[in-house]
Amino acid sequence: MRSSKELFFNIIRILLVAALIVFIIVMHTGDKDSKTSLDDMKAAISGSMDMSTTYEATNLEFKRNFALNASDYDGVCYYAPLSAMDAEEVLIVRLSDSSQADEVVSAINSWAEQRETTFEGYAPEQYALVQDRLIIQKGNYVLYVVNAENSKAKEAFNKAY
């Protein structure tokens, strides 16, 4: 017959093994890198909402606004506002490595804070758009959207991912 102490330690061992198994499963089902190409992601997002007040900007404009080099990533697509009076913009970054995500999200937040300051005093509608911005980091993608149809972009991103 086993002692209660022995039984207690066996239960603890079983619980620890179960917790380890759950941990391993969670780690392997996290945000895996997407196989979706940047072009396919770009098409999905740009097709999901009205982007008539934006244009596809150059890598130089991306660098000027976000202080990042497009060549450091697997791909960058930046839709900038056509007018300085508009806040709407979309940025899609396909990371070379998920370790780059924090740097990209930080740069986006810095840019968005500058945009808030720009619009705060004279364009309340544009200021509200920037405040309601969408930033998603998932696996090897980062998405930044300032658009009244953010929810459509989020849905398109998740489907395409």
Self-check item: Pick from the range 99-147, criterion in contact (Cβ under 8 Å) with a residue 60 or more places away in the chain and closer than 20 Å to Leu82 by Cβ, ranking: surrounded by the most Cβ atoms within 10 Å (Cβ to Cβ)
Solution: Val145
Exercise. Go through the range 22-38 residue by residue and tally those that are modelled with pLDDT of 80 or more and assigned to a helix (DSSP H, G or I).
Key: 1
Quiz item: Given the conditions (1) over 17 Å from Glu56 (Cβ atoms); (2) modelled with pLDDT of 95 or more, and given that Gly121 satisfies all but one, which numbered condition is not satisfied?
Solution: (2)
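The values are calculated or read from the model by the stated rules, or taken from the named source; none is laboratory data. Because the structure is a prediction, the values reported are computed rather than measured. Heads up, the Cβs are rebuilt from the backbone with ideal geometry, glycines too, and the neighbour counts pull from every protein chain shown.
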